[in-house]
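Asks: Sharing a structure, written as structure tokens. Questions coming.
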Amino acid sequence: MKKILLIPDSFKGTMDSLTVCRIMEAAIGAVFPRALLVSIPVADGGEGTVDSFLSALGGEKVHLTVSGPVFDPVDAFYGLLDQGRTAVIEMAACAGLPLMGEEKNPLITSTYGVGQLILDALGRGVGKIILGLGGSATNDGGCGAAAATGVRFFNERGESFVPVGGTLHQIDRIDLSGREDRLEGVEIIAMCDIDNPMFGPQGAAHVFAPQKGADDRAVDLLDAGLRHLAGRIERDLGLEVADIPGSGAAGAMGAGVHAFLGASLEPGIEVVLDTVAFENLAAGADLILTGEGKLDRQSLRGKVVIGVSRRAKKLAIPVLAVVGDIGDGIEAVYQEGVSGVFSINRQALPLDQAKKRSERDLALTVDNLMRFIKSLAWTDD
């Protein structure tokens, strides 16, 4: 075996994608010591997105203090790629759920700090911004980020304010006239790992707000607020955003960055694969290993394993998916280009116990796969 491409997602809550690549490299190298291993750790918009891009492409990590989810100062960061021409921003760096601790409440959280990160990147002269939407503590429709860049929101009394999830219904008018001029001509690509609409039964509030701390009453209030915001965006900006795939991402920030900042909404893995020039990296590969914490029906909507396998299929390169759990009804992955799916779980254990042995189990699983492949008369010549 001459070349293997490793391009896994993180096993969320267990191993980040850098760790997964490191373990895979060691296990493969023990069986095929002369194989060329190319590692591309992946994050498709949430926590770890900046580090993944910097690991794959090199660049600079910029640190600064901005507003956190409840407007308290937090230490955040973003990445600069391509000699400073492209910024990679993950909203989780300043509006992520872990920043809330035990006091989760999407009625009061804001994406304001994300807008501040964008402004700092603009001040450095970037021409492109890749914005990762994932892992958020918010449900403000991106209004906070927009407000930081100069978009103004007015209530019925004509007062300007920064809307949060619980006050979206108070928006009476949206004014883009004060928006930061440096946004003009800058390409903004928002990475979405889901395709949910802005509101409704499959929208941001009903599907994702409960994990951010919302009870049933709060979910209804948040959903109504997003519905109201969509109406104001349509009336004041002439845009229909509610049903754009990904508009419900990150508390409907997908809808907001499209409406207020002109961002395109794209599947996160597709942005990654384009940015790292996947087809060039995969050229001449005998095998691709990918993976994620759980492969299930949700994965079929375009997450990492499927995004990788679809492109690999066009190149006629076999793909092995090494995952934590395997859900029911995933057989369609084989039509998408996956050659086999393998779980690292060697014993039936509760999640908290399985996590403790996940790195060892991953190493053993990849070792088994490589030994089997070598037995089929593949060589490392």
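The values are calculated or read from the model by the stated rules, or taken from the named source; none is laboratory data. Everything numeric in this text was worked out from a predicted model, so none of it was measured. Positions of Cβ are backbone-derived with ideal geometry, glycine not excepted, and every protein chain shown enters the neighbour counts. What goes into the accessible areas is simple: the full protein's heavy atoms, side chains included, and nothing from ligands, DNA or RNA. Shrake-Rupley method; radii C 1.70, N 1.55, O 1.52, S 1.80 Å.
Asks: Using a 7 Å offset from the Cα along the Cα-to-Cβ direction at both residue 83 and residue 347, what is the distance between the two label points in nm, to one decimal?
Replies: So the label points at residue 83 and residue 347 sit 5.5 nm apart.
Asks: Could I ask something else about it? Got a number for carbon plus sulfur as a percent of segment 298-342's accessible area, 1.4 Å probe?
Replies: Carbon-and-sulfur percentage of accessible area, whole number: 49.
Asks: If packing is taken as the mean number of other Cβ atoms within 10 Å per residue, what is the order of 220-231, 245-256, 351-362, highest first?
Replies: Highest to lowest by the protection proxy: 245-256, 220-231, 351-362.
Asks: I would also like to ask the following. From the square roots a ≥ b ≥ c of the eigenvalues of the alpha-carbon gyration tensor of segment 209-353, which class results: rounded (a/c under 1.5), prolate (a/b over b/c), or oblate?
Replies: oblate
Asks: Net charge near residue 24, counting Lys/Arg +1 and Asp/Glu -1 over other residues with Cβ under 12 Å of its Cβ?
Replies: Combined, the nearby Lys, Arg, Asp and Glu give -2.
Asks: Here's another thing I want to ask about it. Among DSSP bridges having both ends in the chain, what percentage is antiparallel? Round to the nearest 5.
Replies: 35
Asks: Report the accessible area of residue 184, computed with a 1.4 Å probe over the heavy atoms of all protein chains in place, in Å² rounded to the nearest 10.
Replies: Looks like 130 Å² after rounding.
Asks: Relative contact order of the chain: what whole-number percent is it, with Cα pairs under 8 angstrom and at least 6 residues apart?
Replies: Details: 915 pairs, mean separation 69.0, N = 381.
Value for the chain: 18 percent.
Asks: All other residues with a Cβ under 12 Å from the Cβ of residue 11 taken together, and with Lys, Arg as +1 and Asp, Glu as -1, what is their net charge?
Replies: Summing Lys and Arg as +1 and Asp and Glu as -1 gives -3.
Asks: For the chain, what does -39500 (n - 2.57) per DSSP helix run (n ≥ 4), summed and divided by total residues, give at 222 nm, in deg cm²/dmol to the nearest 500?
Replies: -10500 deg cm²/dmol
Asks: A further question follows. Which net charge results when you count Lys and Arg as +1 and Asp and Glu as -1 among the other residues whose beta-carbon is under 15 Å from that of residue 101?
Replies: The answer is -1.
Asks: Then there's this: Give me the lysines in straight-line cross-link reach of residue 356: C-alpha distance below 24 Å, same-chain residues under 8 apart excluded.
Replies: Counting by Cα, and skipping residues close in sequence, residue 356 has these lysines nearby: 12, 294.
Asks: Ratio of Rg to Rh for segment 135-267, alpha carbon only, Kirkwood?
Replies: Details: Rg = 13.6 Å, Rh = 14.4 Å.
With Rg and the Kirkwood Rh in hand, the quotient comes to 0.94.
Asks: For the chain, with every protein chain kept in place, what is the accessible area per residue (1.4 Å probe, Å²)?
Replies: Heavy-atom SASA per residue in the chain reads 42 Å².
Asks: Starting from 0.36 nm per residue, how many nanometres of slack lie between residue 181 and residue 26 once their C-alpha separation is accounted for?
Replies: This chain segment gains 50.9 nm when fully extended.
Asks: Then there's this: As an exercise, find the ratio Rg/Rh for the chain from alpha-carbon atoms, using the Kirkwood inverse-distance average for Rh. Please list the in-between numbers first.
Replies: Values: Rg = 21.5 Å, Rh = 21.4 Å.
With Rg and the Kirkwood Rh in hand, the quotient comes to 1.00.
Asks: So which aspartates and glutamates can residue 104 reach, going by Cα to Cα under 12 Å and dropping same-chain residues fewer than 8 places off?
Replies: 215
Asks: Here's a follow-up. Tell me, what % of the accessible area of segment 216-260 is carbon and sulfur with a 1.4 angstrom probe? Before the final figure, lay out the partial values.
Replies: Working: 810 of 1780 Å².
Roughly 46 percent, rounded to a whole number.
Asks: Based on alpha-carbon centroids, what's the gap between segment 41-55 and segment 92-160 in Å, whole number please?
Replies: 19
Asks: Arranged from highest to lowest average of other beta-carbon atoms within 10 Å per residue, in what order do the peptides 322-332, 79-89, 133-143, 110-120 appear? Write down the numbers at each step before the final one.
Replies: Numbers: 322-332: 15.7, 79-89: 20.1, 133-143: 31.2, 110-120: 25.8.
Going from most to least packed, we get 133-143, 110-120, 79-89, 322-332.
Asks: Which of rounded, prolate or oblate describes segment 71-201 when judged by the alpha-carbon gyration tensor and an a/c cut-off of 1.5?
Replies: Note, shape of segment 71-201 comes out oblate.
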